[in-house]
1. Taking TYR90 and the conditions (1) aromatic (Phe, Trp, Tyr); (2) under 30 Å from GLN264 (Cα atoms); (3) at pLDDT 95 or above, which numbered condition does it fall short on, given that it satisfies the others?
2. Of all residues being of a type in the set (Phe, Trp, Tyr) and closer than 20 Å to SER195 by Cα in the range 51-90, which is surrounded by the most Cβ atoms within 10 Å (Cβ to Cβ)? Just the residue, please.
3. Does at least one position in the range 91-104 carry a residue that is within 21 Å of LEU249 (Cβ to Cβ) and in contact (Cβ under 8 Å) with a residue 12 or more places away in the chain?
4. Among ALA203, ALA128, which is modelled with pLDDT under 95, buried (at least 17 other Cβ atoms within 10 Å of the Cβ) and part of a helix (DSSP H, G or I)?
Amino acid sequence: MSENVLQMKDVTMQFGGVVAVDNLSLEVNKGEIVSLIGPNGAGKTTAFNVVTGVYAPTNGAVYFNGKEIVENYPSGKMKKNYGGKEAGKYFKKIEPTPDKITKLGVARTFQNIRLWKTQDVFTNVLIAKHLRRTSNIFTATFRLNRAEEKRQRTEVEELLKMLDLWEVRNELCTSLPYGLQRRLEIARALATEPSLLLLDEPAAGMNPQETKELTAFIKKIRTDFNLTILMIEHHMDLVMDISDRIYVLNFGALIASGTPEEVQNNPEVIAAYLGEKEEA
């Protein structure tokens with residue numbers, strides 16, 4: 001029996017009168033690479049933002065490794081204006097901040113690269129590693145955390161070497177080629193020691209050769225770091241090559257799920273991407 005790492009149950013995200021994610025349920029099993037695809041504006045990044053605590057959902061729940069980490073229900077004005085489904089099914093408010101969810105073992109990258117632009121490669125990754133620090137103001141002030149500092153710097157060195165970034169460790173991150181900036185952003189996410197990695201359009205802006213290299217890179221880190229991966233991506237060659245399973249959103253609602261072959265031949269998916277044929 002497959003072990004669920006991530007489950008989204010009946011998740012609805014409504015902004016005013018607009019339902020951006022409509023009663024979404026999905027699951028990602030341990031060791032899988034699962035892709036979440038759909039046209040622009042389908043609600044994919046909004047779903048990521050719910051999982052990572054950027055947004056509290058309007059309704060529904062999220063589970064990580066079998067433990068409920070997010071839950072919400074329509075309240076206040078939204079109780080009257082709620083346009084989603086399953087109203088009344090949920091009754092708790094569990095709304096952790098993004099840092100708390102990251103500490104649980106969920107890391108993400110962003111569609112638009114968000115590196116610390118004034119810092120070098122090594123420092124970008126080291127700052128992320130600080131999430132796992134046990135020191136406090138007292139121990140830092142009196143340098144009682146030197147052993148931990150040394151250990152974390154060593155871990156960053158090892159990580160950069162594994163990801164072929166060691167040679168550029170002293171380079172300003174913005175001076176790197178675009179493909180390496182993407183790799184650095186993934187390295188920074190890995191520094192938080194996740195078991196679940198969320199990749200938001202990792203191949204955005206890449207040429208075919210860079211995309212091919214990224215595909216191999218994602219496969220490698222899945223194995224090397226024992227990761228489970230949920231990915232948003234528009235490059236269908238990458239999606240079809242790398243995914244164990246795929247979920248398809250359109251206008252916030254799930255319209256299909258299955259293996260790459262099943263999704264590729266689904267009429268609803270074809271219509272969502274290519275449009276319905278007009279009758280002569």
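The values are calculated or read from the model by the stated rules, or taken from the named source; none is laboratory data. Quick caveat: nothing in here was measured; it's all calculated off a predicted structure. When we count neighbours, we look across all protein chains shown, and the Cβ atoms used for this are built from the backbone with ideal geometry, even at glycine.
1. Failed condition: (2).
2. At the first step, the residues of the range 51-90 found to be of a type in the set (Phe, Trp, Tyr) are 55, 63-64, 73, 82, 90.
Imposing the further condition that a residue be closer than 20 Å to SER195 by Cα reduces the set to 63-64.
On the way: TYR63: 17, PHE64: 20.
For the range 51-90, the residue satisfying everything is PHE64.
3. no
4. So the residue among ALA203, ALA128 that is modelled with pLDDT under 95, buried (at least 17 other Cβ atoms within 10 Å of the Cβ) and part of a helix (DSSP H, G or I) is ALA128.
Listed here are the residues, each with its yes/no results for (1) buried (at least 20 other Cβ atoms within 10 Å of the Cβ); (2) in contact with a strand residue (DSSP E or B) (Cβ under 6 Å, 6 or more places away or on another chain); (3) under 24 Å from ASN49 (Cα atoms); (4) modelled with pLDDT under 95.
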position	(1), (2), (3), (4)
TRP166	no, no, no, no
LEU214	yes, no, yes, yes
ASP224	no, no, no, no
ILE232	yes, yes, yes, no
ARG245	no, yes, yes, no
ASN266	no, yes, no, yes
